[in-house]
Structure formats: C-alpha cells, structure tokens
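K.L.:
Below are the structure tokens for one structure; questions will follow.
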Amino acid sequence: MRISARADYAVRAALQLAASRDEGPLKAEAIADAQDIPHKFLESILNDMRRGGLVLSQRGGNGGYRLARPAESISIADVIRVVDGPLVSVRGVRPPDLSYAGPAQSLLPLWIALRSNVREILEGVSLADVASAELPADVSALTDAPGAWTNP
C-alpha cells in the first residue's frame with residue numbers, strides 16, 4: 001500500500017485541526033506552516049475534506065477551518081478515502097471487481113485479505129488517538145514486531 005502525498009497532507013492537516021479544536025477555526029496558512037505543507041495544495045485538500053463532510057469552513061477575519069465532527073469519530077480511513085478514494089485498489093480497481101485465472105487465481109483472496117487488514121487498522125484509529133499519541137493497543141503492538149521499522 002502506498003500513502004500518497006495528498007493523503008499524508010490531509011491526515012496531518014486533520015490532526016492539526018484535532019489538536020487545536022478548542023482554539024477556534026484555523027486558517028489554511030497556519031495549518032500549512034505548522035505541518036510544512038504547500039499552501040495551494042493544502043487549499044485543494046481542505047476543499048475535498050469540506051465536500052466530504054470532514055471539515056467546516058468559515059469566512060471572515062475570524063474564519064478558517066475546523067473539524068465537522070469530534071476527532072474521536074473521524075478515522076484515519078475516513079480522511080484518506082475523502083481525498084484519495086478506496087484504501088486498497090489494484091491498478092485502480094477495487095479487489096472484488098478483479099478476476100484472475102490459473103496460478104494467479106488465489107491472488108484475489110490475498111488482495112482481499114490485505115484490504116481487510118488495512119481497513120481494520122485505519123478504521124480503528126481515530127484522529128483523537130493519533131493527536132493524543134495513544135494508538136490502540138493492537139496497532140501499537142504491530143510496531144513492536146521484528147522488522148517493523150526496517151525496509152526489506
């Protein structure tokens with residue numbers, strides 16, 4: 001699975017909003033500066049997040065962006081789906097829409113299993129979990145696996 005720059009920036013922007021929810025709306029410039037995200041790119045991402053119902057925007061001198069729901073009710077998967085679409089696809093196709101023949105036939109269940117695991121992790125972690133640095137125990141345990149932090 002590859003996390004696009006768009007998805008990474010969207011999650012980071014959402015986390016910035018989650019961390020500052022008591023401070024009122026944040027301007028896009030403040031989010032961009034705090035997370036080192038190109039401002040114009042962030043504006044496009046925030047627009048997608050607004051259309052997707054994750055953030056609200058407010059115009060004016062005291063305007064800016066804020067989360068549309070509590071951070072506890074927005075999963076990392078929600079953010080990624082709004083800006084990038086499905087969490088797992090193969091050549092842009094969702095796994096259930098694929099078919100393989102011969103020795104590759106059992107590849108489909110592998111892609112389905114991968115999608116299931118990605119969903120389990122990303123849907124099970126909220127913005128509040130990450131913003132508070134308190135990942136669910138099952139997710140934290142995965143980081144303790146031998147080789148988790150190394151690239152093969």
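Read the figures in this text as sums done on the coordinates, not as results from a lab. Note that the coordinates shown come from a computational prediction; the quantities given were computed from them, not determined experimentally. Here the Cβ positions follow ideal geometry from the backbone for every residue, glycine too, while neighbour counts run over all protein chains shown.
K.L.:
Amide H of Ala68: which non-local residues (sequence gap of 5 or more, or other chain) have their own amide H closer than 5 Å, using H built in the peptide plane?
P.N.:
Amide H neighbours of Ala68, under 5 Å, 5+ apart: Val55, Leu56.
K.L.:
Once you charge only the Cβ atoms, +1 for Lys and Arg and -1 for Asp and Glu, what is the size of the charge dipole of the chain about its Cα centre, to the nearest 20 debye? Walk me through the numbers on the way to the answer.
P.N.:
Working: 16 positive and 18 negative charges, 132 e Å.
Taking the Cα centre of the chain as origin, the dipole is about 640 debye.
K.L.:
Give me the compactness ratio for the stretch 20-84, meaning the Cα radius of gyration over 2.2 N^0.38 Å.
P.N.:
That ratio works out to 1.06.
K.L.:
In addition: What are the ³J(HN,Hα) values, in whole Hz, obtained from phi via the Karplus relation 6.51 cos²θ - 1.76 cosθ + 1.60 with θ = phi - 60°, for each residue of the stretch 83-95 in sequence order, with x given for Gly and Pro?
P.N.:
9, 10, x, x, 5, 10, 9, 10, 6, x, 10, 5, x
K.L.:
Report, by chain and number, residues whose modeled amide H sits under 5 Å from the one on Ile74, excluding near sequence neighbours (fewer than 5 apart, same chain).
P.N.:
Here Leu127, Ala128 satisfy the definition.
K.L.:
OK, next. Per the Debye formula with a single identical scatterer at each Cα and no solvent contribution, what log10 I(q)/I(0) holds for the chain at q = 0.13 Å⁻¹?
P.N.:
Rounded to two decimals, the profile gives -0.67.
K.L.:
Also, quick follow-up: Please report the spacing between the Cα centers of the stretch 1-69 and the stretch 107-152 in Å, no decimals.
P.N.:
Comparing the Cα centres of the stretch 1-69 and the stretch 107-152, I get a distance of 24 Å.
K.L.:
Remind me, relative contact order of the chain in percent, using alpha carbon pairs under 8 angstrom and six or more residues apart?
P.N.:
Normalised by residue count, the contact order of the chain is 24 percent.
K.L.:
Moving on to the next point. Rounded to whole Hz and in sequence order, give me ³J(HN,Hα) for the stretch 53-61 from the Karplus expression 6.51 cos²θ - 1.76 cosθ + 1.60, θ = phi - 60°, writing x for Gly and Pro.
P.N.:
x, 8, 10, 10, 10, 9, 8, x, x
K.L.:
Next question, about the same structure. Taking a cut-off of 14 Å, what percent of all Cα-Cα pairs in the stretch 91-132 are separated by more than that?
P.N.:
59 percent
K.L.:
Right, something else. Let me know the charge dipole size of the stretch 32-98 about its Cα centre in debye, to the nearest 20, where only the beta-carbon of Lys, Arg (+1) and Asp, Glu (-1) is charged.
P.N.:
On the way: 9 positive and 8 negative charges, 50 e Å.
My answer is approximately 240 debye.
K.L.:
To continue, here is another question. Residues with amide H under 5 Å of Val90's amide H, sequence separation 5 or more or different chain, H placed in the peptide plane at 1.01 Å from N; which?
P.N.:
Amide H neighbours of Val90, under 5 Å, 5+ apart: none.
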